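The values are calculated or read from the model by the stated rules, or taken from the named source; none is laboratory data. Treat the numbers as computed from the prediction; the structure is a model and nothing was measured. When we count neighbours, we look across all protein chains shown, and the Cβ atoms used for this are built from the backbone with ideal geometry, even at glycine. Note: areas computed on protein heavy atoms with side chains; ligands, DNA, RNA excluded. Shrake-Rupley method; radii C 1.70, N 1.55, O 1.52, S 1.80 Å.
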Amino acid sequence: MKGDPAVLKKVSVSLPFGIGSAEWEADPTERRAAWSLYVELVTRIAVEPLEGEEGLLREALNSLYSLFGTTGEILKEAGPDVGASRNSVGGIAIAVLNRGLRRFLAKWHPRLQVWEAKR
C-alpha cells in the first residue's frame, strides 16, 4: 500500500461565512473525511461562475442543499474520531452547514421561488 506523500501534523483553516478559523492536529481518519468533504465542496456547480444564461440557479441551490445529506454520510462513515468539537473536522463541517450554508439557503431558496413564480 502506498503511503501518504506528505503528512500534515497541524492544520489551520479560515472558515467561510464569517465563522472564524480553526486549528487542529489531523489524524488519518480526519484527513480522509476532510478530503471527502473537500471533493464534495469543490465539485459543486455553485462554486464556479456561470456565464449569461448558462446553468440553472435552482440546480445550483439544490446541489448546495444536498451537501447536508452528503456531509452527514461522510461524518457517519468516518465515525466519532472526526469529532464534534469546534477544532475538529466534524465540528467544522457541522458549523459550515448550520451557521453558513443553512442561512444562505434559507435566504435564497424563497427568493428564487418568488422569482420563478413571476416568470
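Tallying residues that are in a helix (DSSP H, G or I) and either among the acidic types (Asp, Glu) or open to solvent by 30 Å² or more (accessible area, probe 1.4 Å) (or both) within the stretch 79-95 yields 3. Can you tell me which residue in the stretch 20-46 is surrounded by the fewest Cβ atoms within 10 Å (Cβ to Cβ), limited to those that are within 13 Å of the chain's Cα centre (by Cα) and under 19 Å from ALA84 (Cα atoms)? Step by step, filter the stretch 20-46, then rank; the result is TYR38. Please specify each residue of the stretch 48-78 satisfying the condition of being open to solvent by 70 Å² or more (accessible area, probe 1.4 Å) and either closer than 20 Å to GLY20 by Cα or not charged (D, E, K, R) (or both). PRO49, LEU50, GLY52, LEU56, LEU57, TYR65 - these are the residues of the stretch 48-78 that are open to solvent by 70 Å² or more (accessible area, probe 1.4 Å) and either closer than 20 Å to GLY20 by Cα or not charged (D, E, K, R) (or both).
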